[in-house]
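Report on one structure; see the data block that follows.
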Amino acid sequence: MVDSRFYKNNGPFTLAEVCKICQAELVDESKSEVVVKEVADILSEGEGTISFFFDKKKKDKIAEIKTTACVTNKEFAALMPAGVVVLVCDNPKDASVALKYAMYEEILPPAQICATAVISPSAKIGNNCYIGDYVVIGDNVEIGDNCRLEPACVISSGCKLGNNCRIGSHANIMHTIMGNNVYIYGGARIGWDGFGFNTVQGQHKRIPQLGRVIIGNDVEIGANTCIDRGALNDTVIGDGCRIDNLVQIAHNDKLGRGCVLVSQVGVAGSCTFGDYVVCGGQVGIADHINIGSQAQLGAQSGIMRDIEPGAAVMGSPAIGFRDFMKQTACIQKLWKK
C-alpha cells in the first residue's frame with residue numbers, strides 16, 4: 001500500500017471513474033459503482049484495492065490475484081479469478097501510470113522562500129516558487145515560475161532555469177542553461193569542470209573549461225549524476241532525455257532527443273548521440289564516438305567505434321547483439337569440451 005505520510009490520496013474512485021481515467025471497459029457493467037481507494041500489488045488483499053496485470057512472464061500468477069479489481073488486456077481477462085472485478089484496456093501498463101497520477105499526489109511544502117536561503121540581490125525569482133532551507137542562489141541567476149529548489153541546493157552565478165523546474169537537495173548547478181520541466185535529482189553535479197589536462201614538463205596542467213551545459217525541456221537527471229560543462233563548445237542534453245543515477249557525461253558530449261542512459265553509464269568527451277539512443281547499465285563509451293539514432297547499447301558494453309542508427313550491440317568491445325549471443329554460445333560449448 002502507498003504510505004499516506006508521503007503521498008496524498010485523492011481517492012476513492014468508482015470503477016466508472018477508473019474506466020474514464022484508464023480508457024478501460026468493465027467486463028461486468030453492473031460493477032460500475034464499486035469503489036477502489038488504493039492501487040496495490042496483485043497479491044495484496046483488502047477491500048477497495050485495484051491492481052494491473054500485463055506481464056506475460058508472470059502469467060502463472062493470475063490465479064493468485066487477490067485485489068478487488070484488476071485492469072488487464074483481452075488476452076488475460078478470461079483467466080482472472082472469480083470475485084475479481086475485471087477492467088479491460090489496450091495498454092494496462094499505461095493505464096496504471098494514469099491512475100497513479102490521478103490517485104496519488106506527492107506531499108510538498110507550499111510556495112515560499114525559507115528564511116535561511118541565501119539569494120543574491122541580482123537574482124530573478126519567478127512566481128509561485130519554493131526555495132528551501134539553506135539554498136544558495138548566486139548573482140544574476142534567473143529562476144522561472146513554479147520552480148522548486150529543495151534544501152541545500154546551490155545555483156551558481158549566471159545560471160538560468162526555465163519554468164516548472166525542480167532541483168533536488170544538495171544538487172549543485174553551475175555554468176548551466178536549462179529549459180522548462182527539468183528535474184535534477186538530489187546530489188547531482190551539473191556544469192563542473194570537464195576532465196581536461198595537458199602534461200607539461202611532468203606536471204598535469206588543467207585546461208580551462210570555458211563552455212556551458214545546455215539542458216532542453218522535459219529532462220530528468222538522476223541522483224549523484226555528473227555532467228561536465230564543455231571545454232569550449234557546450235555539453236548538450238536534448239529534450240526529453242532520461243538520465244539515471246550515477247551517470248557520468250563528460251565535456252562536449254551532445255545527446256539528442258529522448259535518450260535514455262541507465263545507471264553507471266560513463267560517456268567520455270566529445271561524443272555525439274542521435275535521438276532515442278538507449279544505454280543499458282554500466283555502458284562505457286570512448287571519446288569522440290558517434291552513436292546513431294535509436295541505437296541500443298546493451299548493459300556493460302564497451303563502445304570503441306561509431307554505432308550505426310538503429311543498431312543493437314553488446315559486449316566489450318561491442319559487437320552486434322546476435323553475434324554476441326552466438327559468440328557466447330560458442331564459448332560455452334568450448335568450455336564444456
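Points to keep in mind about this one:
- Residue list for segment 246-269, restricted to those being farther than 19 Å from residue 180 by Cα, small (Gly, Ala, Ser) and surrounded by fewer than 22 Cβ atoms within 10 Å (Cβ to Cβ): 263, 266, 268, 269
- Listed by first and then second residue, the pairs with beta-carbon distance under 9 Å, at least 6 apart or on different chains, first residue in segment 175-192 and assigned by TED's automatic domain parsing to the domain that holds residue 220 and within 13 Å of residue 247 (Cα to Cα), second surrounded by 22 or more Cβ atoms within 10 Å (Cβ to Cβ) and among the polar types (S, T, N, Q), are 184/225; 185/225; 187/225; 188/225; 189/225; 190/176; 190/225.
- Among residues of segment 223-252 that are assigned by TED's automatic domain parsing to the domain that holds residue 282 and without any contact (Cβ under 8 Å) to a residue 12 or more places away in the chain, none has a Cβ under 8 angstrom from a residue that is assigned to a loop (DSSP other than H, G, I, E, B) and surrounded by fewer than 22 Cβ atoms within 10 Å (Cβ to Cβ) at a sequence gap of 6+ or on a separate chain.
- For residue 197: the one exception among (1) touching a residue at least 12 places away in the same chain (Cβ under 8 Å); (2) at negative phi; (3) surrounded by fewer than 22 Cβ atoms within 10 Å (Cβ to Cβ): (1)
- Residue 130 being free of Cβ contacts under 8 Å to residues at least 60 places away in the same chain, within 25 Å of residue 224 (Cβ to Cβ), surrounded by fewer than 18 Cβ atoms within 10 Å (Cβ to Cβ) and not assigned by TED's automatic domain parsing to the domain that holds residue 182: no
- Residue satisfying all of: in segment 168-186; crowded, with 24+ Cβ neighbours inside 10 Å and of a type in the set (A, V, I, L, M, F, W, C); farthest from the chain's Cα centre (by Cα) among these: 173
- Qualifying positions in segment 227-245 - crowded, with 19+ Cβ neighbours inside 10 Å and hydrophobic (A, V, I, L, M, F, W, C): 227, 231, 236, 237, 241, 243
- Elements of type strands (runs of 3 or more DSSP E) contained in segment 103-216, each with 3 or more residues being over 30 Å from residue 4 (Cβ atoms): 176-178, 189-192, 197-200, 203-206, 213-215
- Flag for residue 139 being without any contact (Cβ under 8 Å) to a residue 12 or more places away in the chain, out of contact with any strand residue (DSSP E or B) (no Cβ under 7 Å at 6 or more places or on another chain) and not aliphatic (A, V, I, L, M): no
- Residue list for segment 133-145, restricted to those being surrounded by fewer than 18 Cβ atoms within 10 Å (Cβ to Cβ) and within 24 Å of the chain's Cα centre (by Cα): 145
- Qualifying position, being out of contact with any Leu (no Cβ under 6 Å at 6 or more places or on another chain), under 20 Å from residue 270 (Cα atoms) and charged (D, E, K, R), among 166, 148, 229: 229
- Scanning segment 78-96 for residues that are outside any loop (DSSP other than H, G, I, E, B) and touching a residue at least 12 places away in the same chain (Cβ under 8 Å) turns up 85, 86, 87, 88, 92, 93, 95, 96.
- The one condition in (1) among the small types (Gly, Ala, Ser); (2) within 27 Å of residue 279 (Cα to Cα); (3) surrounded by fewer than 18 Cβ atoms within 10 Å (Cβ to Cβ) that residue 157 fails to fulfil: (2)
- Residues of segment 35-77 that are assigned to a loop (DSSP other than H, G, I, E, B) and among the β-branched types (Val, Ile, Thr): 42, 65, 67, 68.
- Each residue in segment 276-330 was checked for being buried (at least 16 other Cβ atoms within 10 Å of the Cβ), among the hydroxyl-bearing types (Ser, Thr, Tyr) and under 18 Å from residue 264 (Cβ atoms), and 1 pass.
- Once segment 5-59 is narrowed to residues that are among the small types (Gly, Ala, Ser) and at pLDDT below 90, the residue that is surrounded by the most Cβ atoms within 10 Å (Cβ to Cβ) is 44.
- Every pair of residues 6+ apart whose Cβ atoms lie under 7 Å, when the first sits in segment 305-327 and is at positive phi while the second is at pLDDT 95 or above and in a loop (DSSP other than H, G, I, E, B): 310/292; 310/294; 310/295; 315/301
- Scope segment 47-73; condition more than 18 Å from residue 15 (Cβ to Cβ), of a type outside the set (A, V, I, L, M) and more than 30 Å from the chain's Cα centre (by Cα); matching residues: 60, 64
The values are calculated or read from the model by the stated rules, or taken from the named source; none is laboratory data. In this text the structure is predicted, and so the values were computed from the model without any measurement. No Cβ is skipped: glycine too gets one built from the backbone with ideal geometry, and neighbour counts run over all protein chains shown.
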